[in-house]
Amino acid sequence: MKRRVVITGIGLVTPFGSDVDTFIKSCHAGENPAVAIPEEWHRYADYTSTIWAPLPEVPYQIDEMTRIEQKQLDPVSKNSIHAAFRAIEAAGIKPTLVDEKYHTYVIDAAPPHRTGVFMGTGIGGVNTIADSYAHQILSPLSESLPANVQSNVTFPKRFNAFTVPMLMPNAAAANVAIKLGVTGPNLTFSIACASGTAAIGHCFRAIERGDIDVGLAGGSEYLFDAYGTIFRGFDAVKTLAHGFAPITKAHRPFDQERSGFLFSQGGAAVLVLETAKNAAARGAKPIAQIIGYGESCDAKSIMMIERTGKEIQRMLRDTFAAANVNPQDVDYINAHGTGTVLNDEVEASVISKMYNRRALINSTKALVGHTIGASGAIEAAVTALSLRDGWVHGMPHLQRPIAELNFAASTTLQNINIGVSHSFAFGGHNTALVLRRVS
Amino acid sequence: MLQYNSEIANDNDVFSRVRDVLCETLNVKPEDVVPDAAIKEDLGAESLDLISVIAEFEDKFDAAFSDEDIAKLVTVADAVKFIQTTLAARTVAQ
């Protein structure tokens, strides 16, 4: 028999900050984090897009990570650990320090082996790769470079001996488990923009079928490098928002004048998932219930979404059938909604075929931009909070929608019981999470 | 073993800075960080901890340690002596 799975805690790191209440208020207020990209990036290339969503300084706590630990962790891991601590705090789970030397804890929401960590990341520690590579090639050369060139080269003073454990994609999940003494399944999902959704989905399945009782699940990404190389990678294939005046409003999913997504410096989200029984026994209040997860692959193109959306539709039909829910009963869709021309067109077409026309639709990327491997986890958090509170954030730049669907242009208060979060990714990966309000 | 020269250490404040690094990196008490203390045996540094210690020394003193240098770092006094020598050599070079 399937077990009921609920979300009892959320921890976030976003361009709107790392406090869940502040984040959701910023979403409801339709704030815009888009600013001009760092001036120094213009030294190295010309770009089609010129905006990004930087991350505010993350308030890492010394009891989460010491100063020394922070130097030995990529931001992907640091942000995962920070979000994990905030998530367990929100879920009423208290960490107990067990190793003073290595600064590690245990949590007792369930036995350690009945607790798992499931994290998604599109790339892993690319910031560390960039820094170490810059040191490797530039440190022997820098003194022989002309003065005007020297002032334009940036690299860490010392090669970081922890480069490998910092850059490996599984570091985030491993570090969360090490920090909190979680000895059950520890998995990393790397399917680009759908990574966070897949991590939560597979954690949901593991709890539902009885492998574990509690899971920490989410996604993390950090895409900054001193030279703007990662930004350029997305810009070079014209996936980033551009060509709109004012440029800070160029990210406009589902708008006729959309041109791409707002590049985000990064983000992280960790959710505490557990059986409803476990939550009740601990006295934890569920935020929302997860009732379904599905995935498929277009198997067509490494970057372009398949035009008919047939594998997305098949996935959604199977997912709703397994969850015993009629897609016509879905009240709220947190769309993948990148704002790229083809992606939104296909998603709008799928939505019009699969769901009731009254279903309210938004895209969290319309606000905080695209955090790649973290995006699905942040959006699952938004979906859960929307179900709990009834508030669905708007898409402030949406002026001329591409389809006659119920897009939330402004923040809306509505009674919603069933929500779905879509994530589609480079590689043709498609995923969806179905959530239900907990009364 | 190299002899620890407290006069030089005090003058240069090297010892107290080395002690700070060892306390923070190895989570040991300041009173345990004495010149004759062996970094591995007495202060409990595992091989990975030693890499952290060296990285902190390099950041704090802007010094580079070769593998040979690291192999010679047995006690706290060795670390102090090595860093003093490095700093002195840099002063002469400047």
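The values are calculated or read from the model by the stated rules, or taken from the named source; none is laboratory data. None of these values were measured; they are calculated from a predicted model. Glycine gets a Cβ as well: all are built from the backbone with ideal geometry, and neighbour counts include every protein chain shown.
Numbers at a glance
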| quantity | calculated |
| --- | --- |
| A:Gly116 vs. criteria more than 14 Å from every other protein chain (Cβ to nearest Cβ) and part of a loop (DSSP other than H, G, I, E, B) | no |
| First in the stretch A:91-104 and within 9 Å of another protein chain (Cβ to nearest Cβ) and touching a residue at least 12 places away in the same chain (Cβ under 8 Å), second anywhere and of a type in the set (Lys, Arg) and surrounded by 12 or more Cβ atoms within 10 Å (Cβ to Cβ), Cβ under 7 Å, 6 or more apart | none |
| Qualifying position, being surrounded by 22 or more Cβ atoms within 10 Å (Cβ to Cβ), under 25 Å from the mean Cα position of the chain (by Cα) and part of a helix (DSSP H, G or I), among A:Ala109, A:Ala173 | A:Ala173 |
| Residue within the stretch A:429-439 that is hydrophobic (A, V, I, L, M, F, W, C), in a strand (DSSP E or B) and more than 23 Å from A:Gly9 (Cα to Cα) present | no |
| Residues satisfying the stated conditions in the stretch A:35-87, i.e. in a loop (DSSP other than H, G, I, E, B), of a type in the set (A, V, I, L, M) and over 21 Å from A:Pro15 (Cα atoms) | A:Ala45, A:Ile62, A:Met65 |
| Residue match in the stretch A:67-76 (condition: touching a Phe, Trp or Tyr at 6+ places or on another chain (Cβ under 6 Å), away from every other protein chain (no Cβ under 14 Å), closer than 21 Å to A:Glu221 by Cβ and buried (at least 16 other Cβ atoms within 10 Å of the Cβ)) | yes |
| All strands (runs of 3 or more DSSP E) inside the stretch A:274-387 with 3 or more residues being under 19 Å from A:Thr197 (Cα atoms) | A:288-297, A:332-334 |
| Meets criteria (closer than 17 Å to A:Ala177 by Cα, of a type in the set (A, V, I, L, M, F, W, C) and crowded, with 22+ Cβ neighbours inside 10 Å) for A:Leu97 | no |
| Matching option when the condition is closer than 19 Å to A:Ser386 by Cβ and touching a residue at least 24 places away in the same chain (Cβ under 8 Å), among A:Leu342, A:Leu360 | A:Leu360 |
| Unmet requirement for A:Ile123, which otherwise passes all of (1) away from every other protein chain (no Cβ under 14 Å); (2) over 22 Å from A:Trp41 (Cβ atoms); (3) of a type outside the set (Gly, Ala, Ser) | (2) |
| Whichever residue in the stretch A:158-187 is touching an Asp or Glu at 6+ places or on another chain (Cβ under 8 Å) and within 14 Å of chain B (Cβ to nearest Cβ) and, among such residues, is modelled with the highest pLDDT | A:Met166 |
| Residues of the stretch A:38-65 classified as at pLDDT 95 or above, farther than 20 Å from A:Val20 by Cβ and of a type in the set (Ser, Thr, Tyr), total | 4 |
| Any pair with Cβ under 7 angstrom, 6 or more apart, that starts in the stretch A:146-162 at a residue that is more than 16 Å from B:Lys60 (Cβ to Cβ) and ends at one that is part of a loop (DSSP other than H, G, I, E, B) | A:Val153/A:Leu145; A:Thr154/A:Ala226; A:Phe155/A:Ser139; A:Phe162/A:Gln72 |
| Residue match in the stretch B:27-35 (condition: of a type in the set (A, V, I, L, M), at pLDDT 90 or above, in a helix (DSSP H, G or I) and within 17 Å of A:Glu100 (Cα to Cα)) | no |
| Number of the condition not met by A:Val164 [criteria: (1) part of a helix (DSSP H, G or I); (2) under 23 Å from the mean Cα position of the chain (by Cα); (3) of a type in the set (A, V, I, L, M, F, W, C)] | (2) |
| Single residue of A:Phe234, A:Phe189, A:Phe224 found to be closer than 30 Å to A:Val420 by Cβ and surrounded by fewer than 24 Cβ atoms within 10 Å (Cβ to Cβ) | A:Phe234 |
| Scan of the stretch A:1-34 for residues that are touching a His at 6+ places or on another chain (Cβ under 8 Å) and part of a strand (DSSP E or B), ordered by number | A:Gly11, A:Val13 |
| So A:Ser410, is it at pLDDT 95 or above and in a loop (DSSP other than H, G, I, E, B) | yes |
| Residue match in the stretch B:46-62 (condition: of a type in the set (Gly, Ala, Ser), within 14 Å of chain A (Cβ to nearest Cβ) and assigned to a loop (DSSP other than H, G, I, E, B)) | no |
| Residue in the stretch A:177-186 that is over 26 Å from A:Thr96 (Cβ atoms) and out of contact with any Pro (no Cβ under 6 Å at 6 or more places or on another chain) present | no |
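The rows are residues; the columns are (1) closer than 30 Å to A:Asp211 by Cβ; (2) surrounded by fewer than 19 Cβ atoms within 10 Å (Cβ to Cβ).
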site	(1), (2)
A:Phe263	no, no
A:Ala288	yes, no
A:Cys297	yes, yes
A:Met315	yes, no
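For (1) of a type in the set (Val, Ile, Thr); (2) touching a Phe, Trp or Tyr at 6+ places or on another chain (Cβ under 7 Å); (3) not in a loop (DSSP other than H, G, I, E, B), each residue gets a yes or a no:
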position: A:Ala194; (1), (2), (3): no, yes, yes
position: A:Arg205; (1), (2), (3): no, yes, yes
position: A:Gly219; (1), (2), (3): no, no, yes
position: A:Ala226; (1), (2), (3): no, no, no
position: A:Ile230; (1), (2), (3): yes, no, yes
position: A:Gly243; (1), (2), (3): no, no, no
position: A:Arg258; (1), (2), (3): no, no, no
